[in-house]
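Participant: Attaching a single structure in structure tokens format; questions to follow.
The values are calculated or read from the model by the stated rules, or taken from the named source; none is laboratory data. Model, not experiment: these values are computed from the prediction. Cβ placement follows ideal geometry from the backbone for every residue including glycine, while neighbour counts extend to all protein chains displayed. These area figures cover heavy atoms from the full protein model, side chains too; ligands, DNA and RNA do not enter into them. Shrake-Rupley method; radii C 1.70, N 1.55, O 1.52, S 1.80 Å.
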Amino acid sequence: MNSSSARPSHHRPRARHLAVLLAATLLPLTAAPASAAEPDTSAAEQVAADLCPWGYTTSSTVFFGRAGADSGVPNRDLGSGCTILDAVWAKAPFADHGSFVSTVSGLTKTLRQDDVITPEESASIVRAAAGSEIGTPQPASGTRALPDDRIGLVLYTVRATMSSAPEATLGSLAACGYRNAEPSGAVNNFYGKTATALAPLVADAGLSVPSIGIGLGDLQNNLDGVIANAKAFGAKYVRISGSGSWTLADYSRVAVTLNTVGATLKQAGITVAYHNHGFEFTAQNGVRGYDVLVRETDPNLVAMELDLYWAASVGVDPVELIKQYPGRFSLFHVKDMAADGSFADVGEGTIDFARIFAYSQMSGVGLYLTENDSPRPDGVSSACDSYANLRALRY
């Protein structure tokens, strides 16, 4: 990452002029900015605080996806709350990959002329855009299968027996093919056991734990415990969920927390992730809390664990999310929806997983974790049915 995030103050007026023109052009047609949408803030104060409605902050690099699609250039403030990524996404949607790269090239040329970025940084941003998959269709060929070692189970599916019979439950999951598991709980309380007590049972069953679910309070108040528990399991991700009562200001505060703890966790070889339900996609003052979280967190520190069922349950297309935020989704919760909106075993409901998985590379996903919140006839049977169906899926 380029560490030269500051720019000379005499360059700011020209950058501000660019940002104000950009924001003023589209502001009447676009939702109010997340960073200024607290309930007690007037419309005039919102505009004064941030004229850009896209909500990207300077917490990240100019990022279009993983690997070569991360420019490493700081997402600089252009004035009036606008950043480089705001300027890019103001031009979306893009007809194709070529138009996206052309748009980025034109914007970086202007920023270079205004001395906001250096010629080297301009080249890095354009290379990242070219290396991304934005604007490139990802058809399902029907010839690809998910790698077995990337499939796992969210143990919430088998919660009914994890407390009373963990060894038998884990052994049954391994017997039907699972290699990975994601336990959920709190620091030192996973189905009534501490991490150090449960971890050997999982390992003895032949399962790995790439991710664990914990609470936001654990991150805020017991980060050392979170790290210790993750290391006990060998987990590389720790994920949290949110609250349906959060305001946009709450989402912004959580984004700050995730960036802060994410930096500490990264030093320990762990990445913090956010798991969605459906409420994050309900707009408040025209802004979705989910967008606040994605745009205000550093993609190099914070991952998103996309729950496909919960997104679909509120009419959100996972493919459109991936197109909008390429490279941000390191984990999928793969669960299906019955025709009546209830939970179904994977592959036995209405969600078109093949279409979604065709965008796996663009999404950045590395783990596909099956789940059923209301398994029938029991958790193990449901989990094993989902595994068999997922292994048979071609995309």
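Participant: From the helices alone, meaning DSSP H stretches of at least four residues, give me the mean residue ellipticity at 222 nm for the chain, per-run term -39500 (n - 2.57), in deg cm²/dmol to the nearest 500.
Facilitator: After summing the helix terms and dividing by residue count, I get -12000 deg cm²/dmol.
Participant: For ALA165 and GLU348 in one chain, what is 0.36 nm times their gap in residues minus the Cα-Cα distance, to one decimal in nm?
Facilitator: Contour length minus the Cα-Cα distance gives 63.1 nm.
Participant: Quick one: Karplus J couplings for the range 292-304, per residue in order, coefficients 6.51, -1.76, 1.60, θ = phi - 60°, nearest Hz, x for Gly and Pro?
Facilitator: 4, 4, 5, 6, 9, 10, 7, x, 7, 10, 10, 9, 10
Participant: Through the Karplus equation 6.51 cos²θ - 1.76 cosθ + 1.60, θ set to phi - 60°, convert the phi angles of the range 73-80 into ³J(HN,Hα) values in whole Hz; use x for Gly and Pro.
Facilitator: 8, x, 7, 5, 6, 9, x, 6
Participant: Could I ask something else about it? If contacts are Cα pairs under 8 angstrom and at least 6 residues apart, what is the relative contact order of the chain in percent?
Facilitator: Normalised by residue count, the contact order of the chain is 17 percent.
Participant: Continuing with the same structure: What Kirkwood hydrodynamic radius, in Å, does the range 69-159 give when the mean of 1/r is taken over all pairs of distinct Cα atoms and then inverted?
Facilitator: Evaluated on the range 69-159, it is 15.7 Å.
Participant: Give me the lysines in straight-line cross-link reach of LYS91: C-alpha distance below 25 Å, same-chain residues under 8 apart excluded.
Facilitator: Within the straight-line limit of under 25 Å, LYS91 reaches these lysines: LYS109, LYS323.
Participant: Roll a 1.4 Å probe over the protein chains and send me the accessible area per residue for the range 246-395 in Å².
Facilitator: Normalised by residue count, the accessible surface of the range 246-395 is 32 Å².
Participant: Considering only DSSP beta bridges with both partners in the range 281-351, what is the antiparallel share in %, to the nearest 5?
Facilitator: Roughly 50 percent of the beta bridges in the range 281-351 run antiparallel, per DSSP.
Participant: Okay, next question. How much of the accessible area of the chain, probe 1.4 Å, is carbon plus sulfur, in whole percent?
Facilitator: 52
Participant: As an exercise, use a Förster radius of 30 Å and the Cβ-Cβ distance of ARG144 and ASN221 to find the FRET efficiency, rounded to the nearest 0.05.
Facilitator: Calculated transfer efficiency: 0.10.
Participant: Something else about it: Starting from the Cα of THR58, step 7 Å along the direction of its Cβ; do the same at ALA203; then give the gap between the two resulting points in nm.
Facilitator: 4.5
Participant: Assign one of three labels to the range 173-260, namely rounded, prolate or oblate, based on the Cα gyration tensor with a ≥ b ≥ c the square roots of its eigenvalues; rounded applies when a/c is under 1.5, prolate when it is not and a/b is larger than b/c, and oblate otherwise. Intermediate results must be reported in sequence, preceding the final value.
Facilitator: Numbers: a/c = 2.57, a/b = 2.00, b/c = 1.29.
The shape class here is prolate.
Participant: Looking only at the chain, where both bridge partners belong to it, what percent of the DSSP beta bridges are antiparallel (to the nearest 5)?
Facilitator: Just about 25 percent of them are antiparallel.
Participant: Given bins 5 angstrom wide, list per bin the percent of all Cα-Cα distances in the range 280-393, short to long.
Facilitator: In order of increasing distance, the bins hold 2, 12, 21, 23, 19, 13, 8, 3, 0 percent.
Participant: Okay, next question. How many percent of DSSP beta bridges within the range 249-395 run antiparallel, rounded to 5?
Facilitator: Counting DSSP beta bridges with both partners in the range 249-395, the antiparallel share is about 25 percent.
Participant: On to the next question. Among the Cys residues of the chain, which have no other cysteine Cβ under 4.7 angstrom away?
Facilitator: none
Participant: Follow-up question, since we're still on this one. For GLY72, what residues show an amide H to amide H distance below 5 Å, using hydrogens built from the backbone and excluding near sequence neighbours?
Facilitator: Excluding prolines and chain starts, which carry no amide H, the hits are VAL62.
Participant: Right, something else. Given ALA168, ALA69, ASN229, which one lies farthest toward the positive end of the charge dipole of the chain, if we put +1 on the Cβ of every Lys and Arg and -1 on the Cβ of every Asp and Glu?
Facilitator: ALA69
Participant: Could you grab the relative contact order for the range 246-359? Cα pairs under 8 Å, six or more apart, rounded to a whole percent.
Facilitator: Result for the range 246-359 is 22 percent.
Participant: Say R0 is 45 Å: what FRET efficiency, to the nearest 0.05, do THR110 and ALA263 get from their beta-carbon distance?
Facilitator: 0.90
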